[in-house]
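Participant: Right, I'll just put the structure down here and ask away after.
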Amino acid sequence: EQFTAMRDLYMKNGQGFVLVYSITAQSTYNDLIDLRDTILKVKDTADIPMVLVGNKCDLEDERVVGKEVGQTLACHWNSTFLETSAKRRINVNEIFFDLVRQINKRTAVNKDKKTKNKNPGQTSNSNPSASDGTNGIGISKTNSSNKATVSNNQDCCILL
């Protein structure tokens, strides 16, 4: 409870969200529904870049939440879905690549809308991930260990 205000502030300022549950624990899956509802309430929109992630895919023999259950929820939420293993580094980078693509796409669409509102009849062909002062976010591999980092001209990536 003491971190609720901070959590809501992070949600308000967040440009995208990764919602993770364990495929071996139904309760973690159930908790995501309330968490997503909180995000939508704080953001006051349903158009939010989001990735639903089923973690621990390396523990298939302990699976409690079926893959199709996660896929169905992601489809219902209009978000992408991945199953991962943080332990074995399966699909971990893909989560962030996908989220950054969604954020950049949304940023470009919003920028185009603003440009059209300011200059009706003109279109914008700018790249939101360019280093021209825009709010695009990029991910790059930093070294031979394939650790992904998030770089951004004006914002940061916060993991809760």
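Participant: Where a ≥ b ≥ c are the square roots of the eigenvalues of the C-alpha gyration tensor, would you call segment 4-127 rounded, which needs a/c under 1.5, or, failing that, prolate if a/b is larger than b/c, or oblate?
Facilitator: Values: a/c = 2.64, a/b = 1.87, b/c = 1.41.
Prolate, since a/c reaches 1.5 and a/b exceeds b/c.
Participant: Also, quick follow-up: Quickly rank 14-23, 30-39, 70-79 as a protection proxy: mean count of other C-beta atoms within 10 Å, highest first.
Facilitator: Values: 14-23: 20.1, 30-39: 14.1, 70-79: 15.7.
For the peptides 14-23, 30-39, 70-79, the packing ranking is 14-23, 70-79, 30-39.
Participant: Okay, moving on. If the chain between Val69 and Arg106 were fully stretched, how many nm would it gain, using 0.36 nm times the residue separation less the Cα-Cα distance?
Facilitator: Numbers: separation 37, 0.36 × 37 = 13.32 nm, distance 2.67 nm.
Value of the extension gain: 10.6 nm.
Participant: Please go through the residue pairs Lys43/Lys87; Lys12/Lys105; Lys41/Lys87; Lys12/Lys87; Lys12/Lys56 and name each one whose alpha carbons sit more than 27 Å apart in this structure. Walk me through the intermediate numbers first.
Facilitator: On the way: Lys43/Lys87 32 Å; Lys12/Lys105 19 Å; Lys41/Lys87 33 Å; Lys12/Lys87 30 Å; Lys12/Lys56 29 Å.
Too far apart for the 27 Å limit: Lys43/Lys87; Lys41/Lys87; Lys12/Lys87; Lys12/Lys56.
Participant: Oh, and also: Using 0.36 nm per residue, how much length does the chain from Asp47 to Asp31 gain when fully extended, once their Cα-Cα distance is taken away?
Facilitator: Details: separation 16, 0.36 × 16 = 5.76 nm, distance 2.06 nm.
My answer for the length gained is 3.7 nm.
Participant: Which of the peptides 58-65, 91-98 is most tightly packed, and how do the rest follow, judged by the mean count of other Cβ atoms within 10 Å per residue?
Facilitator: Working: 58-65: 13.6, 91-98: 17.6.
Descending packing order for the listed peptides: 91-98, 58-65.
Participant: Between Arg7 and Glu94, with labels modelled 7 Å along Cα→Cβ, what's the label distance in nm to one decimal, could you check?
Facilitator: 2.9
Participant: If r is the Cβ-Cβ distance from Ala86 to Asp61 and R0 is 25 Å, what FRET efficiency results, to the nearest 0.05? Mind showing how you got there, number by number?
Facilitator: Working: r = 18 Å, r/R0 = 0.71.
With R0 = 25 Å, the Cβ-Cβ based efficiency is 0.90.
Participant: Let me ask something else. Using Cβ counts within 10 Å as a stand-in for footprinting exposure, how do Arg88, Arg106 rank, fewest first?
Facilitator: Taking fewest neighbouring Cβ atoms as first place, the list is Arg88, Arg106.
We did not get these values from a lab; they are worked out from the coordinates using the rules stated. Bear in mind that the values here come from a model prediction, so they are computed numbers and not experimental data. Here the Cβ is made from the backbone with ideal geometry for all residues, glycine too, and neighbour counts use every protein chain on show.
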